[in-house]
Every structure is written in C-alpha cells, then in structure tokens.
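Visitor: Here's a structure for you.
The values are calculated or read from the model by the stated rules, or taken from the named source; none is laboratory data. Here the structure is a predicted model, which is why all the values come from computation and not from measurement. With ideal geometry, Cβ positions are generated from the backbone for all residues, glycine too; neighbour counts draw on all protein chains shown.
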Amino acid sequence: MASTTITPGHTVRKVRPIPQTRNRFELGMWLFMRYSGLALVFLALSHFWMQHVLIGTHEIEFAGTQLRWGITGQPVTVEQVIWRAYYAVMLVLAVAHGINGVRQVTYDYFGHRPAVYKGLMSVIVVIAVLISLGGMAALFMGAAAGGGEAALR
Amino acid sequence: MLNPLITTARESLRYKGSGQVLWLLHRISGLGVVIFLGTHIFGMSMAAFNPPLHDAMLAVYKTPLFSIGEIALAACLVFHAVNGTRIAILELRPSLWEKQQVATRWSIIITLILLAPTIIIMAYKSISYYATHGLR
C-alpha cells in the first residue's frame, strides 16, 4: 500500500486491487465454505452424536472400528462401503473447510507479512494433506496396511 | 503475536454488540474443532497402521481431562454448525438481512437447545464410567 500526502495531516492510501485470479479463487472459496458447511452440519453432527454421544466415547473399541471400516481382512460388505464413503466425504469436506478457515485467520493476523503468511500456510497445507491421505489410506487400504491380521489381541 | 489477539477480543466485545461476539465465538469454536479434527483423523488412521498406538489414543479418550475437553468440543461443534447455518442462510438470501437481530438471538437459542441434552448425556456417561472404572 503506497501512501501519498496531499495536504499535511491528510494521508490518502492507494490500495492495489486484488488480481482477477485471486478474486475468482476467493469467490470460489466463499461459496465452498457455505455449501461444504451446510453438508458438514449434517455429516459432522450425525457423526458426533452417533459415536461420541449415543454410543459414547467410553464404549469405543478398536474391534468396533475395524468392523465398521471393514479392515479385518474379511470380504467387504455393502454396509462397510457405505460407512467408508460417509467417512471419506466427511474427511475431505471437513479438512478443506478447516484449511480455508485457518487460512482466513492466518491472513487476518499475518496478511501484512506475506513471507510469514505463506510459510505458515505451506506448513499447514502439507500437514493437512498428509493427515487426509493417511485417513483415506486407512479407510480404503486398512486391511492391507495390517489393521486385520496383525491386530492387537 | 499476542497483541492482535487481545485487540481482537476487546474490540469485538465493544464494537458492534452481539454480531461481533458471534463472529469471535465462530472463530474460536472453528479453531477448537480444527485442532481436534487433525489429531482425531491421525489417531483414527492408526487403527489401520498402528493398532497399539490407536489403542493408546483410545485410552487417552477415556480420561476425565479428555471428557471435559470433549464437552467443550461438543459446544464448539454445535455452535459452529448452528451459527454457520445462520451465516450461510443470511449471505445466500440478502432479503433476510433486516432480520439479523432475530437471527443472532435464534443462533444462540438453537445452540443451547441442541447442546443441553448432548452435554447431559455426555456428562452422565462419563460420570458413570469413572464411577465404575475409577479415575486414571
């Protein structure tokens, strides 16, 4: 932001307009936040109320998760495919929604220091992508990864 | 680092009343959920890649400190969902902008209505679990 002094005590700031591509990206993310948010209201709340409240965190066991995801090494059932799809869609939407939220917060506090902002965002995006890929692999390749035979007990 | 946060907190409470407070709560609850989300996805993935580590994580989930944090998580999640719905509806339907004050009030009321039974069930289950299994 360049500033020019016209009369003493009056500073006029010339704000550089946002580039067209960045503008389109921000509009896309704005819409994505609304629609993914509305989907996540149902996905995240249903998940939380099922697993954390109705079943209850204290009743969650390794064996139950193994059965629900179908990573026991047995042939996968239709029910397990539906659970995997449910978790996969929720994972992608939640992580993307979360990253964009964190991006906006980071921009609010570090937007005036582009190097810090870009550095922080790179680290956050890399961590988020790794965690998501790990989650996807656990859902769809869990049995091959050793979640079945090499189980605890 | 901390100064902008303090300014944000003070100015949000002071500046334009309820809408600003909801904005701040939306931000805090969102950050709360996203921090748990990262560790939760990682911990659950370990069910496939490292069952002993996954079991260690489940053991942490069954401690009193985590149970308290989990109730805070429920509050963050439900508020963020309800308030996010308010934001989405208002921004996609500008004709409703006259009713912002009403929307703000209902955002809080619906959050409390959904949260009350959730917290009661979670607290009841936690207390009965620690009563039989003891504190670890």
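Visitor: Please work out which one of (1) facing chain B (nearest Cβ under 9 Å); (2) surrounded by 15 or more Cβ atoms within 10 Å (Cβ to Cβ) is the condition A:Arg84 fails and give its number.
Guide: So A:Arg84 meets the others, but not (1).
For every residue, the table says whether it meets (1) modelled with pLDDT of 90 or more; (2) under 17 Å from B:Leu115 (Cβ atoms); (3) away from chain A (no Cβ under 11 Å).
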| site | (1), (2), (3) |
| --- | --- |
| B:Gly38 | yes, no, no |
| B:Ile41 | yes, no, no |
| B:Met46 | yes, no, no |
| B:Pro52 | yes, no, no |
| B:Glu70 | yes, yes, no |
| B:Ala74 | yes, yes, no |
| B:Phe79 | yes, yes, yes |
| B:Thr85 | yes, yes, no |
| B:Ala88 | yes, no, no |
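Visitor: Sticking with this one: If I ask for residues that are over 26 Å from A:Phe140 (Cβ atoms) and either facing chain A (nearest Cβ under 7 Å) or crowded, with 17+ Cβ neighbours inside 10 Å (or both), which ones from region B:54-68 would you list?
Guide: B:Lys62, B:Ser67
Visitor: If I filter region B:54-62 for residues that are touching a helix residue (DSSP H, G or I) at 6+ places or on another chain (Cβ under 6 Å) and not in a helix (DSSP H, G or I), do I get at least one hit?
Guide: Yes, region B:54-62 contains at least one residue that is touching a helix residue (DSSP H, G or I) at 6+ places or on another chain (Cβ under 6 Å) and not in a helix (DSSP H, G or I).
Visitor: Anything in region A:1-17 that is of a type in the set (Ser, Thr, Tyr) and either on the phi > 0 side of the Ramachandran plot or at pLDDT below 70 (or both)? List them, or say none.
Guide: Residues satisfying the conditions are A:Ser3, A:Thr4, A:Thr5, A:Thr7.
Visitor: Right, another one. Does B:Leu92 satisfy being surrounded by fewer than 17 Cβ atoms within 10 Å (Cβ to Cβ) and closer than 15 Å to A:Gly37 by Cβ?
Guide: So B:Leu92 fits the description; yes.
Visitor: For region A:102-139, give me the residue count where each residue is within 11 Å of chain B (Cβ to nearest Cβ) and within 28 Å of B:Ala47 (Cα to Cα).
Guide: Final tally of qualifying residues: 14.
Yes/no matrix, rows are residues, columns are (1) of a type outside the set (S, T, N, Q); (2) under 17 Å from the mean Cα position of the chain (by Cα); (3) over 27 Å from B:Arg27 (Cβ atoms):
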{"site": "A:Met33", "(1), (2), (3)": "yes, yes, no"}
{"site": "A:Leu38", "(1), (2), (3)": "yes, yes, no"}
{"site": "A:Leu43", "(1), (2), (3)": "yes, yes, no"}
{"site": "A:Trp49", "(1), (2), (3)": "yes, no, no"}
{"site": "A:His58", "(1), (2), (3)": "yes, no, yes"}
{"site": "A:Thr72", "(1), (2), (3)": "no, no, yes"}
{"site": "A:Val76", "(1), (2), (3)": "yes, no, yes"}
{"site": "A:Val89", "(1), (2), (3)": "yes, yes, no"}
{"site": "A:Tyr107", "(1), (2), (3)": "yes, no, no"}
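Visitor: Taking interchain pairs and intrachain pairs at least six residues apart, which have beta carbon atoms under 9 angstrom, with the first residue in region A:44-68 and at positive phi and the second surrounded by 18 or more Cβ atoms within 10 Å (Cβ to Cβ)?
Guide: Matching pairs, first to second residue: A:Gly56/B:Met122; A:Gly56/B:Lys125; A:Gly56/B:Ser126.
Visitor: Moving on to the next point. Restricting to region A:37-60, name every residue that is modelled with pLDDT under 95 and more than 7 Å from every other protein chain (Cβ to nearest Cβ).
Guide: Across region A:37-60, the qualifying residues are A:Met50, A:Gln51, A:Leu54, A:Ile55, A:Glu59.
Visitor: Okay, next question. Can A:Val89 be described as part of a helix (DSSP H, G or I), surrounded by 13 or more Cβ atoms within 10 Å (Cβ to Cβ) and more than 11 Å from chain B (Cβ to nearest Cβ)?
Guide: yes
Visitor: Further question: Looking at this structure, is B:Lys125 charged (D, E, K, R), within 30 Å of B:Met44 (Cα to Cα) and either more than 12 Å from chain A (Cβ to nearest Cβ) or assigned to a helix (DSSP H, G or I) (or both)?
Guide: yes
Visitor: Scan B:Thr104, B:Thr85 and give me the residue that is under 15 Å from the mean Cα position of the chain (by Cα) and part of a helix (DSSP H, G or I).
Guide: The match here is B:Thr85.
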